[in-house]
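Shown next, in structure tokens, is the structure this report addresses.
Rule-based calculations on the coordinates, nothing more; no lab input. Not measured: the values here are computed from a predicted model. Quick reminder, even Gly has a Cβ in these numbers, built from the backbone with ideal geometry, and neighbours come from all protein chains shown.
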Amino acid sequence: MGSINRDDVRHVARLARLALPEEQIATITGQLEPILDYVSHLQSIDTTGVPPTTRAVEVVNVTRADQVIPATLREGLLNQAPQREGDLLVVPRLLADQEAG
């Protein structure tokens, strides 16, 4: 991998909309060099036959099949409401009417 220079860091910072002070450009350039060298080293490793993965240990969700279960609580719950209109609950108005004028 080619070496990274100050102009590269400025360019990436601008693309990322980062305001980097000029005195940090040299520091960041020096920090990015070994990272890019390591990535270059990783790219040289033969991964033929190694399946792609997103984590080191495979995680499997334990799920169950959906089942339709008839609800028997509905009428009992509706009967406990202070006021009811058919299958609806009647609740107090929360907002007062706004009069025009």
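Here are a few things to note about the model shown:
- Fully extended contour minus Cα-Cα distance, from Ala16 to Glu85, at 0.36 nm per residue: 19.1 nm
- Residue ranges 10-16, 90-96 sort as 10-16, 90-96 when ordered by packing (mean number of other C-beta atoms within 10 Å per residue, highest first).
- At R0 = 35 Å, FRET efficiency that the Cβ-Cβ distance of Val57 and Ile35 yields, to 0.05: 0.90
- 3J(HN,Hα) along the range 59-66, derived from phi through the Karplus expression 6.51 cos²θ - 1.76 cosθ + 1.60 where θ = phi - 60°, amounts to 10, 10, 6, 9, 10, 10, 6, 5 Hz, with x in place of Gly and Pro.
- Angle of helix 22-43 to the longest C-alpha principal axis of the chain, folded into 0 to 90 degrees and rounded to 10: 90°.
- Once divided by 2.2 N^0.38 Å, the Cα radius of gyration of the chain becomes 2.50.
- Interatomic Cα distance distribution for the range 1-44, bins of 5 angstrom, percent: 5, 23, 29, 21, 14, 6, 2
- Theoretical FRET efficiency, 1/(1+(r/R0)^6), r = Cβ-Cβ of Ser3 and Val50, R0 25 Å, to 0.05: 0.30
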